[in-house]
Amino acid sequence: MSSNHELSGKKAGRTSPLTFFRQSVAELRKVVWPTRPQMVNYFFVVLVFVLIMMAIVAGLDYGFGKAMFWIFA
């Protein structure tokens, strides 16, 4: 398979670290950063999700542990 660089007919050179840094900063300026209320909301959504997943895993661990002791004890 050919890459886009081969299709363009030009050989792409390496980007200098300074150019890379400038391009990275330019891209970060385009980003729409979340507001503080959005971040608080996202934090609580993730927190609730993680707590629910912890409860599910703990419940399964407890249930399978009890089942193994019932089967093998």
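Bear in mind that the values in this text are calculations on the coordinates, not laboratory data. The structure displayed is predicted, hence computed values, not measured ones. Note that each Cβ is placed from the backbone with ideal geometry, even for glycine, and that neighbours are counted across all protein chains shown.
Structure summary
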quantity	calculated
Solution diffusion estimate, µm²/s, Stokes-Einstein, the range 4-72, Kirkwood Rh from C-alpha pairs, 20 °C, viscosity 1.002 mPa s	120
Nearest-0.05 FRET efficiency for V32 and A12, computed from C-beta distance (R0 30 Å)	0.50
